[in-house]
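First up is the structure itself, then whatever we jot down about it.
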Amino acid sequence: MLEIKDINVSFFSKDVLKNVSLSFEEGKIHALFGENGAGKSTLAKVLCGDLVPSSGEIFINNKKVVFTEPKDAIKNGICCVHQRPLLADSVSIKENILLGAPKVSNETIQNQLKEFIPEKNYNSLVKNLSGAQRFFVSLCCALLKNPKYLILDEPTILLDQEQRGLLFTKLKNLTKNGITIIIITHIGKDIIEYTDTTTFINDGVITKQFVESKTLQNISDFSVSINHTNNTNNHNFYIEYKNITYRPINKPSIFDVSFLAKSNEITLIKGLKESGLETLEDAITGMSTTTFSGTIKITNNENDFLIKNNKTKISAEMLRNNEYNFAIIPSNKTFRASNPNLTVLQLVCCYKLNEKQKDLIEYTKHIIKKAHINTTYNQKAKTLSGGMLQRLILERELDTNPKVLILCESLQGLDKQSSLNFCNRILNHVSNGNIAIALHNSEFPENICNAVYTLNNGYCTKDK
């Protein structure tokens, strides 16, 4: 049995965990449930040796253990797959695995990968993987260390429904072999459907415990109760994407994708990554490395502004620095919108290059307050939960007063209340004559969208 007693963690005089005591019975899937910033990820870091608690003790089979770094936890059979897996992008899947498990054979690596991502060879470069594939590679890295205790921090936020089912089927099989699994999550349906026990955490304190997750009631996932009516305001401002075709080497292709996004509206393009959603993101955000065909044109009061023709390339910098001031929230928040080693100040002030330090500090405090998160300007981005990082990035982007807002998997990592607040912020933004384009493979509330398109096998069709 893995047990923790009276664990306390404080950051910069902020109490993140307060006298947390828990035990995890062998061979079960245990859920730790709570909203963004509740302390779930901090507890995971304590258990896997990433963070030394201010006070408290950890026991394995009634024997006290001390973790000062991750390898101490690994020696005791504890492995963790973090919410934002950190892999070496420039090397292969195989090389990433061998960094953590150097004695594993090629055959063992290949067999383990086939369990989760059979479409990928172990010599594929990590930089070419989707977010879901990166998660499964990190999971394989952990499993090849033969853990007794496996901790998964928000494991399903990058997965579609089919991938979720695959994951939990495999995890249930692992528990039959005596492995103890701890799931950190804010997704209620995952808890009720797949886990054995549930512990609620709120503001760093254990509030409720259930020895049988299936007896839980009233854990609802996010849904927007806003009855958004179509805005009939002037639509002389719109952006048209026409015949976008892109055939990248390592991602699904898209063909003749066309859609229209109007002011005062949210336009949703939904689909799976396997259908080309990430490819479309790369194209319309200017983050692709090669030229794609098609045109992107803005019309404003009958004046046309051609962003891209069939031969030219676009960049994120070009989109941000024109008169329409695009703002982009990419699906990869960790590296495309931030970096784990940046401070919160550096993350927030990345567009403010020539201001005095004292002004940057005050500005960062202002954005932190607007995002409703409990952090300080000099903390590292890697100390933030996924939801906290998401909210901070949103406020940073909205503060640039963009006329066009591109949102890619923008509800990832957000709990129910944060998702509702997020949607209200976007609705308020577009009501001022702006455009919002949402690309989502996970659930996004269609009732607040004025136009909905589906991307399937690289082709785009309009639903409404």
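The values are calculated or read from the model by the stated rules, or taken from the named source; none is laboratory data. Owing to the predicted nature of the structure, the values given are computational and were not obtained by experimental measurement. Here Cβ is always computed from backbone atoms with ideal geometry, including for glycine, and neighbour counts include all displayed protein chains. Please note that ligands, DNA and RNA were not included when accessible areas were found on the heavy atoms of the full protein model with its side chains. Shrake-Rupley method; radii C 1.70, N 1.55, O 1.52, S 1.80 Å.
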Take Ser90 and tell me if it is of a type in the set (S, T, N, Q), open to solvent by 60 Å² or more (accessible area, probe 1.4 Å) and touching a residue at least 40 places away in the same chain (Cβ under 8 Å).
no
Can you find even one residue in the stretch 135-143 that is surrounded by fewer than 22 Cβ atoms within 10 Å (Cβ to Cβ), modelled with pLDDT of 90 or more and in contact with a helix residue (DSSP H, G or I) (Cβ under 7 Å, 6 or more places away or on another chain)?
yes
Can you name every residue in the stretch 433-464 that is outside any strand (DSSP E or B), without any contact (Cβ under 8 Å) to a residue 60 or more places away in the chain and not basic (Lys, Arg)?
Asp463
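For every residue, the table says whether it meets (1) among the acidic types (Asp, Glu); (2) part of a loop (DSSP other than H, G, I, E, B); (3) surrounded by 15 or more Cβ atoms within 10 Å (Cβ to Cβ); (4) in contact with a helix residue (DSSP H, G or I) (Cβ under 8 Å, 6 or more places away or on another chain).
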residue: Thr156; (1), (2), (3), (4): no, yes, yes, yes
residue: Gln163; (1), (2), (3), (4): no, no, yes, yes
residue: Gly178; (1), (2), (3), (4): no, yes, no, no
residue: Ile184; (1), (2), (3), (4): no, no, yes, yes
Would you mind finding the one in Gly49, Gly100, Gly56 that is among the small types (Gly, Ala, Ser) and either open to solvent by less than 20 Å² (accessible area, probe 1.4 Å) or under 18 Å from Ile181 (Cα atoms) (or both)?
Gly49
Report every pair of residues separated by at least 6 positions or lying on different chains whose Cβ atoms are under 9 Å apart, first residue within the stretch 294-310 and without any contact (Cβ under 8 Å) to a residue 12 or more places away in the chain and within 16 Å of Ser263 (Cβ to Cβ), second open to solvent by 20 Å² or more (accessible area, probe 1.4 Å) and assigned to a strand (DSSP E or B).
Asp304/Lys297
Can you pull out the residues in the stretch 237-259 that are in contact with a Lys or Arg (Cβ under 9 Å, 6 or more places away or on another chain) and open to solvent by 30 Å² or more (accessible area, probe 1.4 Å)?
Tyr238, Glu240, Lys242, Asn250, Lys251, Pro252, Ser253, Phe255, Asp256, Ser258
Listed residues Gly387, Gly458; which is under 21 Å from the mean Cα position of the chain (by Cα) and crowded, with 20+ Cβ neighbours inside 10 Å?
Gly387
Suppose we filter Lys208, Lys214 for residues that are assigned to a helix (DSSP H, G or I), at pLDDT below 85 and either of a type in the set (S, T, N, Q) or over 22 Å from the mean Cα position of the chain (by Cα) (or both); which single one remains?
Lys214
Condition broken by Ile117, with the remaining ones in (1) within 22 Å of Glu162 (Cα to Cα); (2) over 22 Å from the mean Cα position of the chain (by Cα); (3) free of Cβ contacts under 8 Å to residues at least 40 places away in the same chain satisfied:
(2)
Which one of Leu167, Leu171 is open to solvent by less than 10 Å² (accessible area, probe 1.4 Å), touching a residue at least 60 places away in the same chain (Cβ under 8 Å), among the aliphatic types (A, V, I, L, M) and under 22 Å from Pro118 (Cβ atoms)?
Leu171
Give me the pairs: first residue in the stretch 33-54 and acidic (Asp, Glu), second residue surrounded by fewer than 24 Cβ atoms within 10 Å (Cβ to Cβ) and not in a helix (DSSP H, G or I), beta-carbon distance under 7 Å, and six or more apart or on different chains, which are they?
Glu35/Asp415
Verdict on Ala132 being within 19 Å of the chain's Cα centre (by Cα), among the small types (Gly, Ala, Ser) and open to solvent by less than 20 Å² (accessible area, probe 1.4 Å)
yes
Being closer than 25 Å to Glu35 by Cβ, surrounded by 22 or more Cβ atoms within 10 Å (Cβ to Cβ) and touching a residue at least 24 places away in the same chain (Cβ under 8 Å) narrows it down to one residue among Leu427, Leu407, Leu420; which is it?
Leu407
